[in-house]
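To start, the structure itself, in structure tokens.
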């Protein structure tokens, strides 16, 4: 049985489908700036990612984390919180949160004896599309988990009411590490597709250059592309071309035109 964190009274109680989400809300989290900008996040623990270790990243309102060159992209789209919606984020070593993260990771990646020491959670809560229908909003989350050596990423999709060619991926920033969810077409359902047998949740091990996924029986609704390893560039892979940022020094201005 999976132990899945659920939202408490401090965690935007009206959010739809919050069972897949880790706890978030005003009582514990910081808020990103309004609009389609970004915020710089300095980490209390270095995060191992694609063979390197990072002490900071940029959290972009448009649905991704930018580590200067690598990017973690749960939902790359024209998101704007200028009028409505919030983007919450926090890093934590709270014992109960670490216990939940530890159990989840050991369920998805058994045999490691993993013990979480740090967790970062960013939650896009009821966010609308830029110049889209204000009544259609999305709620999703990215979770980073590490013990200082091994690290994991979770994508959690609770309520997706608009897509607008949104993309989701893990990008190392070079030709060797790349993983993209095959979100093109109408057959992909963000809140039921999974690689963990938990609807709406995707899990990845990311400390090494080759991205690892759980060795679990996939539900019938799962749609994904095979992780690409050394020697194959993102441009050379089949399927949809990801437009999420991979270059260093990406600024808010660099996201225009998407």
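Here is the figure for region 54-73: residues that are closer than 21 Å to residue 131 by Cα and not in a loop (DSSP other than H, G, I, E, B) total 2. Set side by side, the residues 120, 114, 57 differ, and just one is under 15 Å from the mean Cα position of the chain (by Cα) and free of Cβ contacts under 8 Å to residues at least 40 places away in the same chain, which is 57.
Residues considered: 12, 33. Of these, the only one that is at pLDDT below 85, crowded, with 17+ Cβ neighbours inside 10 Å and touching a strand residue (DSSP E or B) at 6+ places or on another chain (Cβ under 7 Å) is 12.
Within 15 Å of the chain's Cα centre (by Cα) and surrounded by 19 or more Cβ atoms within 10 Å (Cβ to Cβ): which single residue out of 80, 71 fits that description? Before the answer, list the steps.
Values: 80 fails: within 15 Å of the chain's Cα centre (by Cα).
Being within 15 Å of the chain's Cα centre (by Cα) and surrounded by 19 or more Cβ atoms within 10 Å (Cβ to Cβ) holds for just one of 80, 71, which is 71.
Please determine whether any residue of region 92-114 is assigned to a loop (DSSP other than H, G, I, E, B) and in contact with a helix residue (DSSP H, G or I) (Cβ under 6 Å, 6 or more places away or on another chain). The answer is yes, given that some residue of region 92-114 is assigned to a loop (DSSP other than H, G, I, E, B) and in contact with a helix residue (DSSP H, G or I) (Cβ under 6 Å, 6 or more places away or on another chain).
So which of 185, 173 ends up being assigned to a loop (DSSP other than H, G, I, E, B), at pLDDT below 85, over 25 Å from residue 107 (Cα atoms) and under 17 Å from the mean Cα position of the chain (by Cα)? I'd like the intermediate steps shown before the answer.
On the way: 185 fails: under 17 Å from the mean Cα position of the chain (by Cα).
Only one candidate passes the filter, namely 173.
Here region 92-111 is the region considered, the condition is being touching a residue at least 40 places away in the same chain (Cβ under 8 Å) and surrounded by 19 or more Cβ atoms within 10 Å (Cβ to Cβ), and the residue that is farthest from residue 132 (Cα to Cα) is 109.
The values are calculated or read from the model by the stated rules, or taken from the named source; none is laboratory data. Every value quoted in this text rests on a predicted model; they were computed, and no experiment measured them. Neighbour counts are summed over all protein chains in view; Cβ atoms, including those assigned to glycine, are modelled from backbone coordinates with ideal geometry.
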